[in-house]
1. So what does log10 I(q)/I(0) come out to for region 130-252 at q = 0.09, 0.10, 0.11, 0.22 Å⁻¹, using the Debye formula with one equal point on every Cα and no solvent?
2. Report relative contact order for region 223-309 in percent, whole number only (criteria: Cα-Cα under 8 Å, sequence separation at least 6).
3. Determine the shape class of the chain: with a ≥ b ≥ c the square roots of the Cα gyration tensor eigenvalues, call it rounded for a/c under 1.5, and otherwise prolate if a/b is greater than b/c, oblate otherwise.
4. What dipole magnitude, in Debye to the nearest 20, does the chain give about its Cα centre under +1 on Lys/Arg Cβ and -1 on Asp/Glu Cβ?
5. Based on DSSP H runs of at least 4 residues, each adding -39500 (n - 2.57), what is the mean residue ellipticity at 222 nm of the chain after dividing by all its residues, to the nearest 500 deg cm²/dmol?
6. Run through the DSSP bridge list for region 26-171 and note the antiparallel percent, rounded to the nearest 5.
7. Express the relative contact order of the chain as a whole percentage, based on alpha carbon pairs under 8 Å and six or more residues apart in sequence.
8. In what sequence, highest mean first, do 4-11, 269-276 appear when ranked by Cβ atoms within 10 angstrom?
Amino acid sequence: AKKELSIYKNCVTRTKDGRHVELGGNIGLPQDVNSVFEYGAEGIGLFRTEFLFMDTPHLPSEEVQFDAYRSVVEKMGSKPVIIRTLDIGGDKNIPYLDLPKEENPFLGYRAIRICFDRIDIFKSQLRAILRASAYGNARIMYPMIASVEEVIQANAILSEVKSDLLENDIPFNSKIEVGVMIEIPSAAITADLIIKEVDFFSIGTNDLTQYTLAADRMNDKVRYIYNSFHPSLLRLIKNVIDTSHSHGKFTGMCGEFAGNPLAAIMLLGMGLDEFSMSPSSIPKIRQIINSVSYSDAQKICDEVMELSSPNEIEAHLKERLSEIL
Ligand code: PEP
Ligand code: MG
């Protein structure tokens, strides 16, 4: 079976009736690009930049960040690289930032919330990403967005950084695409408001699942509740995809769910445009997508949306998958 899968490392992702979706890789450090190539990713759907900040004893300078982002986008050529701005807090600490100890770190001072407080850090990262955008297909993505005002605020800061680069004749892609992670239920519910301010969405099911079900993603005691097949999650995901499409924009997914073979046909049927995952998961997901038609996937998705529990949904998808593979 392993040998069989390897043929899916280097072919296009296309359903039997010709729908193309993009399979991307998630990376944390520039050297991870090697596995993105090894497994035939069509882009990078999530570059988790916090590792650049965690592996040093002090803030990485704009220059250090620029070198890292540039090396990735250059290696990827015309393929898209979605660079996520800093997502620390929660389970990820950075000693030199002296972050406060909190009762509920996952509900606290995290990601974009820190960036609005530390505009210096945010601006230097945005400058580095913009400068790298002159060398490849870089995109910007904000994490942990809870409401549209935050997107407007982040975009206003981005505009300031762009103006500054323009004034100083520093090259960047002025049409760089900007998106947000949909990983907080309030954002998934108000996708219609947020989509007007961005070019794309990427659904972060790891956080979206924990926040929707109020079950900590790190806590084994509530592991049985934490399940992305829950009907609430499927409804939120579908709403986000439909909303972006009704505005002519695209939605990807970069949480673990995007690399789950059992979820693949259903997500395809919902119209998901891009699946980004740990690179080694790509061949399997490509095999599944290339073995089904989009119209059948849509039917399977409709069936699943009628079911009422994660167990039923998983059992149903298991059966459908076994008919296809
Ligand atoms: C997510 O929340 O699904 C996600 C991709 O972000 P992270 O796992 O880095 O929080
Ligand atoms: Mg997240």
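Bear in mind these aren't lab numbers, they're just calculated from the coordinates by the rules spelled out. The shown structure was predicted, so the numbers you read here are calculated from the model rather than taken from an experiment. Glycine also receives a Cβ, built like all others from the backbone with ideal geometry; neighbour counts cover every protein chain displayed.
1. The Cα Debye sum returns log10 ratios of -0.31, -0.37, -0.44, -1.16.
2. Numbers: 87 pairs, mean separation 28.3, N = 87.
In percent, rounded to a whole number, it is 33.
3. Working: a/c = 1.72, a/b = 1.39, b/c = 1.24.
Prolate.
4. Working: 34 positive and 45 negative charges, 154 e Å.
Around 740 debye, computed over the chain.
5. On the way: 15 runs with 151 residues, N = 325.
The helix-only estimate for the chain comes to -13500 deg cm²/dmol at 222 nm.
6. On the way: 1 of 11 bridges.
Percentage antiparallel, nearest 5: 10.
7. On the way: 615 pairs, mean separation 64.6, N = 325.
Relative contact order, the chain: 20 percent.
8. Working: 4-11: 13.1, 269-276: 23.8.
Order by mean packing, descending: 269-276, 4-11.
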